[in-house]
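A short write-up of the structure that comes next.
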Amino acid sequence: MSEKKRIITVRNVTLGDGFPKICVPVTARSLQELEKQVKNIRTVPCDMVELRADFFEGDSIEELIALREALPDLPILFTFRTKEEGGEREITPEDYAALNRQAAGLQAMDKNPSRSEARPLADLIDLEYNRGEDFIRSLCHELQEGGVKVVMSYHDFEKTPEPDKITGLLTRMQQLGADITKTAVMPHCERDILFLLHAALEMKERLADRPYIMMSMGAPGGITRLAGTLTGSSVTFASAGAVSAPGQMDAAFVAQARSVLAGD
């Protein structure tokens, strides 16, 4: 592991300290669903929440401030996953940037002049590497200057790249300024899972200078979601009923497995 590798602390949750944190997704399409999912989250062990805004069908993300108010102590990762990377909706680059600025509190969420005060919704924001390097670099720095941490992500729902391709993507995200790097890939055989694990160890032992998140998706990739204490992956995504990606396991099970693998 790099001697200069830094850790990141958000609302008293530390990422990159060798103990993977559990992140539970919120995939609500309405405020009624949001309330139900929040109740479920309160019953499971988790360290942070991912708000998948691409699922939400409301008129404005102003309404999603309810999540921040309902879970004031948990870090919130705001993610609009685009259709191109397995998400629910398409979005223009201009709207993508504006939405993430709103989530960071850099501009008002509501167009009503009487309610023009910007309010931050998220502590961390996911930015997709594939939106284009110049675009993402600029938006990343803008969001960071506003006080949020950036998770820069890459998803491949078709295959698992070779290990050097995976590590190359993650190190490039470091160079672009991400606070945390992330990759999620689809395995088709056991060797694909070993490719991901090999790449994760390369990051841990040689290449990472900041926290990273790595996983294989689908049921066969489940082992990678439990192996963070071995591979150095700083976050694992688990379910409190709602699932945002194939292969997510129940949060209570993940918490128990994490404790066993950590020797607790």
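The figures follow:
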quantity: In sequence order, calculated HN-Hα J values of segment 127-139 (Karplus, 6.51, -1.76, 1.60; Hz; x Gly/Pro); calculated: 10, 7, 4, 6, 6, x, 4, 4, 4, 6, 4, 5, 5
quantity: Cα-centre dipole for segment 22-72 with unit charges at Cβ (Lys and Arg positive, Asp and Glu negative), debye to 20; calculated: 280
quantity: Magnitude of the charge dipole, the chain, Cβ model with Lys/Arg +1 and Asp/Glu -1, debye to 20; calculated: 560
quantity: Residue-count net charge about Q248 - beta-carbon cut-off 13 Å; Lys, Arg +1, Asp, Glu -1; calculated: 0
quantity: Mean projected area in nm² (Cα convex hull; one quarter of hull surface) for the chain; calculated: 13.2
quantity: Accessible area expressed per residue, the chain, with surrounding protein chains retained (probe 1.4 Å, Å²); calculated: 44
quantity: Cα-based reach from K5 at 14 Å (exclusive), listing aspartates and glutamates while leaving out same-chain residues under 8 positions away; calculated: D17, D179, E202, E205, D209
quantity: Total formal charge among the other residues, if their Cβ is under 11 angstrom from that of M152, Lys/Arg +1 and Asp/Glu -1; calculated: +2
quantity: Sum of side-chain charges, R52 neighbourhood, beta-carbon under 9 Å (Lys, Arg +1; Asp, Glu -1); calculated: -2
quantity: Accessible surface of the chain, 1.4 Å probe, proportion on carbon and sulfur as whole %; calculated: 49
quantity: Rounded tilt (10° steps) of 251-261 against the dominant C-alpha axis of the chain; calculated: 30
quantity: 5 angstrom amide H check on L51, placed H, neighbours 5+ away; calculated: V26, L77, F78, T79
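The values are calculated or read from the model by the stated rules, or taken from the named source; none is laboratory data. Because the structure is predicted, anything quoted here is derived from the model rather than measured. All Cβ positions, even for glycine, are placed from backbone atoms using ideal geometry, and neighbour counts span all protein chains on display. Surface areas here come from the heavy atoms of the whole protein model, side chains and all, with no ligands, DNA or RNA. Shrake-Rupley method; radii C 1.70, N 1.55, O 1.52, S 1.80 Å.
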